Amino acid sequence: MNRVFQDIYENAVEFARTFGAFQLFFLRLIRHSPGMFVGRFNVIVMQVYNAGALSLVIVMVCGFFVGAVLALQAYSNMARFNAEDWTGVAAAFALVKELGPVMTAILFAGRAGTALTSEIGLMKATDQLSAMEMMAVNPVKRVLVPRFLGGVIAMPLLAAVFSAIGMFGAHLVGVELFQVDVGSFWQQIQLTVRMQDVNEGIIKSVVFGIAASLIAVWEGYNTVPTAEGVGRATTRTVVITAITILVFDFMITAAMI
Amino acid sequence: MLIGFQGLLLFCAATDGLGFQSLGDYSENLIEIRDLKYSREPRPIFENLNLTIRRGEITAIMGPSGTGKTTLLRLITRQLIPQQGAIYVDGVDIATLTQAQLYTMRQRFGMLFQNGALLTDLSVFENVAFPLREHTALTNRLIRHIVLTKLHAVGLRGAADMMPSELSGGMARRVALARAMVMDPDILIYDEPFVGLDPISMGVIVRLVRRMNDALGITSIIVSHDVEEVATVADRSFLLSDGKVAASGRPEELRTANSELVRQFMHGMADGPVAFHYDAPGYAEQLLGRDTE
């Protein structure tokens with residue numbers, strides 16, 4: 001029995017230590033961030049391209065089908081109450097407030113997050129980060145901060161694209177396939193979706209962007225520098241990010257209702 | 001007046017509060033390691049290690065695999081911190097340096113990593129230019145001249161536009177050497193510089209190490225297994241074993257030493273104090289025994 005308590009105690013201490021280190025790491029990234037916008041803006045732009053533009057196709061394809069399936073579900077269920085005109089509203093609410101930020105963040109973790117983790121992990125495994133240290137260049141500032149900021153900036157933009165393409169998918173299914181009146185479809189959305197709803201989506205996508213990018217660079221920086229270590233870190237990035245995003249989603253939604 | 005002011009600024013930048021360069025600290029010993037203790041659980045790597053590296057010499061650190069040669073380099077450059085004892089660089093205990101002071105000190109170091117450690121997203125040219133772009137305000141034209149000069153020295157001026165993934169292991173090591181010396185460091189550290197090089201490249205690198213050390217008046221530290229190459233280039237060698245210096249001296253002195261360990265290492269003998277086989281149960285017992293299946 002003592003052994004069980006001992007294990008629980010050791011795990012709790014280890015968790016507290018890791019969580020503390022994680023917070024300090026976040027503060028280090030924040031501390032170096034303002035300087036990057038002044039001196040190395042082009043590096044940030046390059047990372048926005050890597051994290052954002054290269055994720056665009058997957059986000060657009062998924063956005064289209066999520067919007068389309070939302071319209072399918074909404075139409076088939078609303079038709080029972082003769083409320084087909086509300087198909088667009090249902091899709092818009094779901095996309096802007098929930099699925100846009102959440103799905104984009106999960107896709108972001110799977111595409112850009114894993115790329116970040118494995119890139120940084122491999123840099124560590126091949127001594128590139130140590131070489132920077134030896135050249136008196138701070139790898140946190142030179143490698144991690146631009147990648148973190150690139151992810152933070154790219155995420156809300158991707159979420160906006162996801163929602164916009166999703167609405168296009170919903171329009172195709174609702175208006176073109178099921179012949180919902182195009183005026184009603186869009187007017188209902190205009191009348192019902194408020195700026196407050198859009199803001200909720202924006203806030204979520206910013207928070208998810210910070211969380212996903214932070215977890216990705218943290219896992220990469222703390223990789224065990226072996227092939228197996230990089231693989232494990234990449235997997236952890238996806239799993240931890242997905243759980244974190246769903247927990248944060250619940251918390252933000254609860255706070256904003 | 002402006003020139004005078006700039007001169008003052010340059011002087012301040014060069015001395016930067018550390019006093020490394022002050023003439024008062026000048027001594028024949030550039031790096032002194034005193035009573036160093038370092039362990040990586042579960043085994044100790046260094047136990048009361050004492051070692052001195054003299055200014056202007058090429059010092060070789062040798063020893064069987066797993067004796068902690070690379071770890072020692074990482075301790076000297078404070079990539080690792082000793083658990084006990086001290087390492088002095090130019091009389092300064094490096095464990096006491098702040099991050100800013102440490103980075104200032106590291107600008108005096110050039111390090112060649114075992115695998116080159118080139119930045120994979122930059123071309124050969126940009127890899128060599130990297131320290132210059134980070135630490136100086138030189139014009140692109142001047143950076144180009146310096147980089148091409150260093151690449152020419154290692155015979156890879158023609159590979160300036162290649163990416164690291166397109167280089168062979170030996171070429172990558174030579175580019176890394178060009179990068180290590182691009183800031184004209186006071187101390188050049190080579191971690192296994194001869195591994196994987198063809199005989200021509202090896203000969204060139206050996207001569208380059210010697211020539212740079214003599215012409216630029218720098219201090220070089222080489223970690224290597226290659227007894228032959230080290231013998232041709234090193235002024236002094238340290239042989240590490242069991243966390244301590246087992247022998248030291250000029251390479252020819254080590255060759256003729258009476259110690260069994262030194263003889264075994266210098267002549268590459270299988271039998272001696274250093275066991276070739278890692279601790280294991282009896283060979284026959286393990287092959288025939290049922291319990292290990």
Please give the FRET efficiency for B:ARG43 paired with B:GLU252, using the beta carbon to beta carbon distance and R0 = 25 Å, rounded to the nearest 0.05.
-> 0.15
If each K or R counts +1 and each D or E counts -1, the residues other than A:LEU72 whose Cβ falls under 13 Å of its Cβ total -2
Once label points are set 7 Å from the Cα along Cα→Cβ at both A:VAL182 and A:PHE81, what is their separation, rounded to one decimal in nm?
-> 2.8
Using only alpha carbons, build the gyration tensor for the stretch B:190-230 and give me the equivalent ellipsoid semi-axes, biggest first, whole Å.
-> 18, 12, 7
Post the alpha-carbon centroid distance, the stretch A:47-61 to the stretch B:223-293, in whole angstrom.
-> 54
Neighbour cut-off at most 12 other Cβ (10 Å), DSSP loop, GluC sites (Glu not before Pro), the stretch B:27-94 | B:GLU28
Over 27 Å [Cα-Cα, chain B], rounded percent = 48
Anchor A:LYS97: lysines whose Cα lies under 18 Å away (excluding residues fewer than 8 positions away in-chain) = A:LYS204
Return the single residue from A:MET135, A:MET123, A:MET103 with maximal mean-square fluctuation; model: Gaussian network over chain A, springs between Cα atoms under 10 Å.
-> A:MET135
Restricting to aspartates and glutamates and to Cα separations under 13 Å from A:LYS141, and discarding same-chain partners fewer than 8 apart, the set is A:GLU133, B:GLU134
Nearby lysines by direct alpha-carbon distance to B:LYS69 (threshold 21 angstrom, same-chain neighbours under 8 apart not counted) | A:LYS124, B:LYS37, B:LYS244
Which of rounded, prolate, oblate describes the stretch A:1-131, given a ≥ b ≥ c as roots of the alpha-carbon gyration tensor eigenvalues and a/c under 1.5 marking rounded, otherwise prolate only if a/b is larger than b/c?
-> oblate
nm² value of the averaged projected area, convex hull over the Cα atoms of chain A | 18.0
Using just the helices of chain B, give the 222 nm mean residue ellipticity in deg cm²/dmol: DSSP H runs with n ≥ 4 each add -39,500 (n - 2.57), and the total is spread over all residues, rounded to 500.
-> -11500 deg cm²/dmol
Given R₀ = 22 Å, FRET efficiency for A:ARG194-A:VAL45 by Cβ-Cβ distance, to 0.05?
-> 0.10
Taking the Cα-to-Cβ direction at B:HIS152 and at A:ASN2 and moving 7 Å from each Cα, how far apart do the two end points lie in nm?
-> 7.4
How high is the relative contact order of chain A, in percent, with contacts defined as C-alpha pairs under 8 Å that are six or more residues apart?
-> 31
Cα centroids of the stretch B:125-152 and the stretch A:109-134: how far apart, whole angstrom?
-> 24
Rank A:VAL180, A:VAL238, A:VAL102 by mean-square fluctuation in a GNM of chain A with C-alpha springs under 10 angstrom and give only the top-ranked residue.
-> A:VAL180
Only Lys, Arg (+1) and Asp, Glu (-1) charged, at Cβ; chain B dipole about Cα centre in debye = 860
Once you list every other residue whose beta carbon is under 14 Å from the beta carbon of B:GLY85, what net charge do they have if Lys and Arg are +1 and Asp and Glu are -1?
-> 0
Helix-only [θ] at 222 nm, chain A, -39500 (n - 2.57) per DSSP H run of 4+, per residue, nearest 500, equals -26500 deg cm²/dmol
Using only C-alpha positions, report the orientation-averaged shadow area of the convex hull of the stretch B:142-214, nm², one decimal.
-> 5.0
Place a label point 7 angstrom from the Cα of A:ARG28 along the Cα-to-Cβ direction, then list the residues of the stretch A:213-246 whose backbone nitrogen is under 15 Å away.
-> A:214-224
Would you mind ranking A:PHE168, B:PHE265, A:PHE19, A:PHE108 by Cβ crowding within 10 Å, fewest neighbours first?
-> A:PHE19, A:PHE168, B:PHE265, A:PHE108
First check a/c for the protein assembly as shown, with a ≥ b ≥ c the square roots of the eigenvalues of its C-alpha gyration tensor; if it is under 1.5, answer rounded, and if not, answer prolate when a/b is larger than b/c or oblate otherwise.
-> prolate
For the stretch B:114-184, what D do you get in µm² per second when you plug the Kirkwood radius from alpha-carbon pairs into Stokes-Einstein at 25 °C and 0.890 mPa s?
-> 209
Name the residue, out of B:VAL204, B:VAL230, B:VAL182, whose mean-square fluctuation peaks in a Gaussian network model built on chain B with Cα pairs under 10 Å.
-> B:VAL204
Choose one of A:PHE162, A:ALA74, A:VAL206: the residue whose Cα lies farthest towards the positive end of the charge dipole of chain A (beta-carbon charges +1 Lys, Arg; -1 Asp, Glu; about the Cα centre).
-> A:VAL206
With label points set 7 Å from each Cα along the Cα-to-Cβ direction at A:PHE250 and B:ARG141, the distance between them in nm comes to 6.5
Net charge of Cβ neighbours under 11 Å - reference A:LYS97; Lys, Arg +1; Asp, Glu -1 = -2
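Bear in mind these aren't lab numbers, they're just calculated from the coordinates by the rules spelled out. Computed from a prediction, not measured in an experiment: that's the story for all the values here. Neighbour counts run over all protein chains shown; Cβ positions are idealised from the backbone, glycine included.
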